[in-house]
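> Got a structure for you, written out below as structure tokens; questions coming shortly.
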Amino acid sequence: MAIRDLRGFLAELDAAGELQRVDAEVDPELEIACITDRQSKLPGGGKALLFESVKGSSHPLATNLFGSPLRMALALQVENLSQLTGKMEHLLESPDLAPAPSLVRHPSCREVVCRTPDLGRYPFLKSWPGEQGRFITLPLVFTRDRDTGATNCGMYRVRIFDDRSAGIRWKPGSGGHAHWQKYRDAGEPMPVAIAVGAAPALTLAAALPLPQGVDEVSLAGYLEGAPVEMAHCLDSDLLVPALAEMVIEGVIEPGATRAEGPFGNHTGAYDPGEEVPLLRVTCITHRKDPICQATVVGPPPMEDCYLAKAGERLLLPLLRRGCPEIVDLVMPLEGIFHGCAIVAIEKKAPGDGRRVLERLRSEGWLKRGKLLVVVNRPEGELTLAEGFWQALNAVRFPRDLVVTPDGCLGVDATGKLPEEGGLASDKVRQDASVSARVEKRWREYGFFDGDGRER
């Protein structure tokens, strides 16, 4: 069955033995982040955490829900994340499979309406000592294009300034930033809605660097297997998830900005922050007894690594559309979405490796990757170990390096054809007849599988 909301996901995690409930009182300033950080570094990603007694708030908080391959697969109801590639390929072949959202008149996210909003009532986190306040770290930010009416659901960090104001950090090139520019240039207030605690598929879709024209809500509906239920905001025509735990509505006045201050990042250092658009909160609605959700951003492994790994599998077919030579890719957890990728290609002609690098740098979600490495298609699965083994043995410096003006590195680590100055040589392989004989006699040798059974 599809997981339609945060509560359904928590129930699935609990049933799978993946949820740890913490009933001791904990502080949302630094303590929860420290606990989550320590848990996420345990083998297997530790446990998903539900803090039931948060200091200064009457609402519980969940963290680390996506913090392992197992939990990420459970969130999307697949046996393993590799199945997501086939699902996306199927969707690209039949776009009509992505269902439009369904409208709900009396949504759960409006069970309680707060016309005198107070952001301080909710357990948003301060994760690192150098941060100057609390942040909403898993927000689904909904905006609408002023001219076309096209909508966007993006995940942009939100800095809480006081009870009724917050700053939204969206990067140039993102959908939210493009919408904000149009309202700013027109001198008009921009409506914004922020959902907290939504279905896992929608949370993932909001976090992905999807190309223009791919709707996050429809993609989430496809992954869930049913249309996402949406509802109109109270103060604007924006649509938000009907089953979200909380919705924060507000407007950004033209030219209104404020410095967000430092933010502890996955790089292991503080992002110094910048002047960000200032959201004036007009209304907060939520379910009865809402459950807040947050993530802690910091040195990997953290749960954003596994959101990125799911994104890797979903976005691979989109890469193939632009570069048919690509057969697979693997992204180290340390790269977090786009910092580093090893891309395997079916090399057929001289220069294919460089051409793929140039294409990846010119468009798409990997164009700002700090390190892109192109290797030959392996005989088996492309793994991090396989990719680096190929790269370290095939690359020749400085011939195979491509450095962009902004300091990003590309490496053509494909095997070089004779026309590229390479030497023709056969790969090392076992003799086929001997391999067959060894397979047949394996039990005779007395070997066992790892679980102690004879093979």
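The values are calculated or read from the model by the stated rules, or taken from the named source; none is laboratory data. In this text, all values refer to a predicted model and were calculated from it rather than measured experimentally. We place every Cβ from the backbone using ideal geometry, glycine too, and count neighbours over all the protein chains shown. Areas reflect the complete protein model, heavy atoms only, side chains present, ligands, DNA and RNA absent. Shrake-Rupley method; radii C 1.70, N 1.55, O 1.52, S 1.80 Å.
> Got a number for residues in region 260-290 being in a strand (DSSP E or B) and either in contact (Cβ under 8 Å) with a residue 40 or more places away in the chain or in contact with a Ser or Thr (Cβ under 7 Å, 6 or more places away or on another chain) (or both)?
15
> A further question on this structure: Could you check how many residues of region 376-424 are more than 26 Å from the chain's Cα centre (by Cα), among the aliphatic types (A, V, I, L, M) and open to solvent by 40 Å² or more (accessible area, probe 1.4 Å)?
Summing the residues that are more than 26 Å from the chain's Cα centre (by Cα), among the aliphatic types (A, V, I, L, M) and open to solvent by 40 Å² or more (accessible area, probe 1.4 Å) in region 376-424 gives 7.
> Let me confirm something: among Pro200, Pro101, Pro172, Pro189, which residue is modelled with pLDDT of 95 or more, closer than 26 Å to Gly273 by Cα and not charged (D, E, K, R)?
Result of the check over Pro200, Pro101, Pro172, Pro189: Pro189.
> Hey, does region 235-242 have a residue that's more than 24 Å from Glu89 (Cβ to Cβ), surrounded by fewer than 22 Cβ atoms within 10 Å (Cβ to Cβ) and either of a type in the set (S, T, N, Q) or free of Cβ contacts under 8 Å to residues at least 60 places away in the same chain (or both)?
yes
> Would you pick out the residues in region 151-174 that are small (Gly, Ala, Ser), touching a residue at least 12 places away in the same chain (Cβ under 8 Å) and more than 25 Å from Pro60 (Cα to Cα)?
Matches in region 151-174: Ser174 only.
> Hey, can you tell me all the residues within region 294-306 that are open to solvent by 10 Å² or more (accessible area, probe 1.4 Å) and either outside any loop (DSSP other than H, G, I, E, B) or within 17 Å of Val330 (Cα to Cα) (or both)?
The answer is Pro300, Pro301, Asp304, Tyr306.
> Just one of Ala100, Ala16, Ala24 is in contact with a Leu (Cβ under 9 Å, 6 or more places away or on another chain) and not basic (Lys, Arg); which is it?
Numbers: Ala100 fails: in contact with a Leu (Cβ under 9 Å, 6 or more places away or on another chain); Ala24 fails: in contact with a Leu (Cβ under 9 Å, 6 or more places away or on another chain).
Every option except Ala16 fails the conditions.
> Please go through region 1-38 and pick out each residue that is in contact (Cβ under 8 Å) with a residue 60 or more places away in the chain, assigned to a helix (DSSP H, G or I) and open to solvent by less than 60 Å² (accessible area, probe 1.4 Å).
Leu6, Gly8, Phe9, Leu10, Leu13, Ile32, Ala33, Thr36, Asp37, listed by residue number.
> Test Gly261 against the stated conditions and say whether it is at positive phi, surrounded by fewer than 21 Cβ atoms within 10 Å (Cβ to Cβ) and within 22 Å of the chain's Cα centre (by Cα).
no
> A follow-up question, please. What is the one condition in (1) touching a Gly at 6+ places or on another chain (Cβ under 9 Å); (2) part of a loop (DSSP other than H, G, I, E, B) that Ala226 does not satisfy?
Ala226 satisfies every listed condition except (1).
> When the residues of region 50-90 are narrowed to those that are part of a loop (DSSP other than H, G, I, E, B), among the hydroxyl-bearing types (Ser, Thr, Tyr) and closer than 14 Å to Lys309 by Cα, which ends up least open to solvent (accessible area, probe 1.4 Å)?
Ser68
> Does region 340-360 hold any residues that are under 24 Å from the mean Cα position of the chain (by Cα) and charged (D, E, K, R), and which are they?
Across region 340-360, the qualifying residue is only Arg359.
> In the list Asp5, Asp96, Asp37, which residue meets the criterion of being among the charged types (D, E, K, R) and more than 22 Å from the chain's Cα centre (by Cα)?
Answer to the check: Asp96.
> What are the residues in region 310-343 that are small (Gly, Ala, Ser), assigned to a helix (DSSP H, G or I) and surrounded by 18 or more Cβ atoms within 10 Å (Cβ to Cβ), if any? Steps first, answer last, please.
Going through region 310-343, the residues small (Gly, Ala, Ser) turn out to be 310-311, 322, 335, 339, 341.
If we keep only those that are assigned to a helix (DSSP H, G or I) as well, we get 310-311, 322, 335.
The answer is Ala310, Gly311, Gly335.
> With Thr151, Thr116, Thr143 as the choices, which residue is surrounded by fewer than 22 Cβ atoms within 10 Å (Cβ to Cβ), among the β-branched types (Val, Ile, Thr), at pLDDT 95 or above and within 26 Å of the chain's Cα centre (by Cα)?
Result: Thr151 is the single residue among Thr151, Thr116, Thr143 that is surrounded by fewer than 22 Cβ atoms within 10 Å (Cβ to Cβ), among the β-branched types (Val, Ile, Thr), at pLDDT 95 or above and within 26 Å of the chain's Cα centre (by Cα).
> Just one of Lys41, Lys47 is basic (Lys, Arg), open to solvent by 70 Å² or more (accessible area, probe 1.4 Å), modelled with pLDDT of 95 or more and over 17 Å from Leu125 (Cβ atoms); which is it?
On the way: Lys47 fails: open to solvent by 70 Å² or more (accessible area, probe 1.4 Å).
Criteria check complete, one pass: Lys41.
> Tell me which of these Ile194 doesn't satisfy, since it passes every other one: (1) on the phi < 0 side of the Ramachandran plot; (2) assigned to a strand (DSSP E or B); (3) in contact with a helix residue (DSSP H, G or I) (Cβ under 8 Å, 6 or more places away or on another chain).
(3) is the only condition that Ile194 fails.
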